[in-house]
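To start, the structure under review is shown below, and the notes come after it.
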Amino acid sequence: ALPNLLAALRSRTALDVADRPANVAPDDDELLLYPFIHMTGHGKVAFSDAEVSALREYFERGGFLWADDNYGMDEHFRREIRKVFPNEEFVELPFDHPIYHAFYDFPRGLPKIHEHDGKPPQGFGIFDDGRLVVFYTYESDIGDGLEDPDVHGDPPAKREQAVRMAVNIFFYAM
């Protein structure tokens, strides 16, 4: 998914991005070198005390996290990100938020890429001093649409919506 996103960013925008994604852990010394980080998953998320501290510093220094729930990480992610931001709550972003209009226009917010529970897709944010630092895509599964076509069998129009939304997220964050 991420190599496909990077290829789309290179071909559709003027952003200078890497050819392939880097893997970095929350408590890795190199975390601060990356202004944009992405996480996804289907299950448990657990941050150690060191990772909580490192993530807090990362966000204070201008970092941005896009977390994409691929179904199953919601409960765990919400619990763990609360450790990083104990005094902040997720806020559902209104459809007029710039993240939905940064490069492509999404007047109704997140596209629904993959069906799980029949719930509408929602985009949640955590703000630090008025700056969006965490964008959490829930019940949308943008990552599935970024995968190669044969992985999930999503039709081209769905995949295009996923790519466009992911480009928006990255473009907004940068």
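The values are calculated or read from the model by the stated rules, or taken from the named source; none is laboratory data. Model, not experiment: these values are computed from the prediction. So basically every Cβ, Gly included, is an ideal-geometry build from the backbone, and we count neighbours across all protein chains shown. Ligands, DNA and RNA are excluded from the accessible area calculation, which covers all protein heavy atoms including side chains. Shrake-Rupley method; radii C 1.70, N 1.55, O 1.52, S 1.80 Å.
Within the range 59-115, which GluC sites (Glu not before Pro) sit in a loop by DSSP and count at most 12 neighbouring Cβ atoms inside 10 Å? Present the calculation step by step, with values, prior to reporting the outcome.
Values: sites: E60, E75, E80, E88, E89, E92, E115; in loops: E88, E89, E115.
Sparse-neighbourhood loop GluC sites (Glu not before Pro): E89, E115.
Per 0.36 nm of contour for each residue apart, how much would the distance between R108 and A7 grow if the chain were fully extended, relative to their Cα-Cα spacing? Before the final figure, lay out each step's value.
Numbers: separation 101, 0.36 × 101 = 36.36 nm, distance 2.57 nm.
That works out to 33.8 nm of additional length.
Among 133-140, 120-127, 7-14, how do they line up by average Cβ neighbours within 10 Å per residue, starting with the highest? Intermediate results must be reported in sequence, preceding the final value.
Numbers: 133-140: 23.0, 120-127: 17.6, 7-14: 13.9.
Averaged packing, sorted descending, gives the order 133-140, 120-127, 7-14.
Once you list every other residue whose beta carbon is under 11 Å from the beta carbon of A67, what net charge do they have if Lys and Arg are +1 and Asp and Glu are -1? It would help to have the intermediate numbers written out before the result.
Numbers: positive: R78; negative: D68, D69, D74, E80.
Overall, the nearby charge balance is -3.
Of P21, A157, Q122, which is farthest on the positive side of the dipole of the chain, counting Cα position, with +1 on Lys and Arg Cβ, -1 on Asp and Glu Cβ, and the Cα centre as origin?
Working it through, the farthest residue towards the positive pole turns out to be A157.
Give me the dipole magnitude in Debye, nearest 20, for the range 12-100 about the Cα centre, with unit charges on the beta carbon: positive for Lys and Arg, negative for Asp and Glu.
With Lys and Arg at +1 and Asp and Glu at -1, about 120 debye.
Mind checking the full-extension length gain between A22 and R79? Use 0.36 nm per residue of separation minus the Cα-Cα distance, one decimal, nm. Before the final figure, lay out each step's value.
Values: separation 57, 0.36 × 57 = 20.52 nm, distance 2.56 nm.
Contour length minus the Cα-Cα distance gives 18.0 nm.
Near the amide H of L110, under 5 Å away, which other amide H atoms are found, from residues 5 or more places off or on another chain, if H is placed in the peptide plane?
Under 5 Å from the amide H of L110: G123.
Less than 17 Å apart at the alpha-carbon level, and either on another chain or at least 8 residues along: which lysines does that give for K112?
Excluding near neighbours in sequence, the set is K158.
Using the basic label-point model (7 angstrom from Cα toward the beta carbon), what is the L33 to A157 distance in nanometres?
For the pair L33/A157, the computed spacing is 4.3 nm.
Could you pull out the chymotrypsin sites (Phe, Trp or Tyr not before Pro) across the range 45-97 that fall in loop regions by DSSP (anything but H, G, I, E, B) with no more than 14 other Cβ atoms inside 10 Å? Please list the in-between numbers first.
Details: sites: F47, Y58, F59, F64, W66, Y71, F77, F90, F95; in loops: F47, Y71, F90, F95.
Answer by residue number: F95.
Keeping every protein chain present and rolling a 1.4 Å probe, give me the accessible area per residue for the chain in Å².
52 Å²
Which value, in debye to the nearest 20, describes the size of the charge dipole of the chain about its Cα centre when Lys and Arg Cβ atoms bear +1, Asp and Glu Cβ atoms bear -1, and nothing else is charged? Spell out each step's value before the answer.
On the way: 17 positive and 32 negative charges, 82 e Å.
With Lys and Arg at +1 and Asp and Glu at -1, about 400 debye.
So what are the ³J(HN,Hα) numbers for the range 40-50, from phi and the Karplus equation (6.51, -1.76, 1.60; θ = phi - 60°), rounded to whole Hz, Gly and Pro as x?
Once rounded to whole Hz, the list reads 8, x, 10, x, 5, 10, 9, 9, 6, 4, 5.
Can you classify the range 31-74 as rounded, prolate or oblate using the Cα gyration tensor, where a ≥ b ≥ c are the square roots of its eigenvalues, rounded means a/c under 1.5, and otherwise it's prolate if a/b beats b/c and oblate if not? Write out the running numbers ahead of the final one.
Details: a/c = 3.07, a/b = 1.54, b/c = 1.99.
Note, shape of the range 31-74 comes out oblate.
Would you please give the FRET efficiency between N87 and D150, computed as 1/(1 + (r/R0)^6) with r the Cβ-Cβ distance and R0 = 45 Å, to the nearest 0.05? Working shown, then result.
Numbers: r = 45 Å, r/R0 = 0.99.
With R0 = 45 Å, the Cβ-Cβ based efficiency is 0.50.
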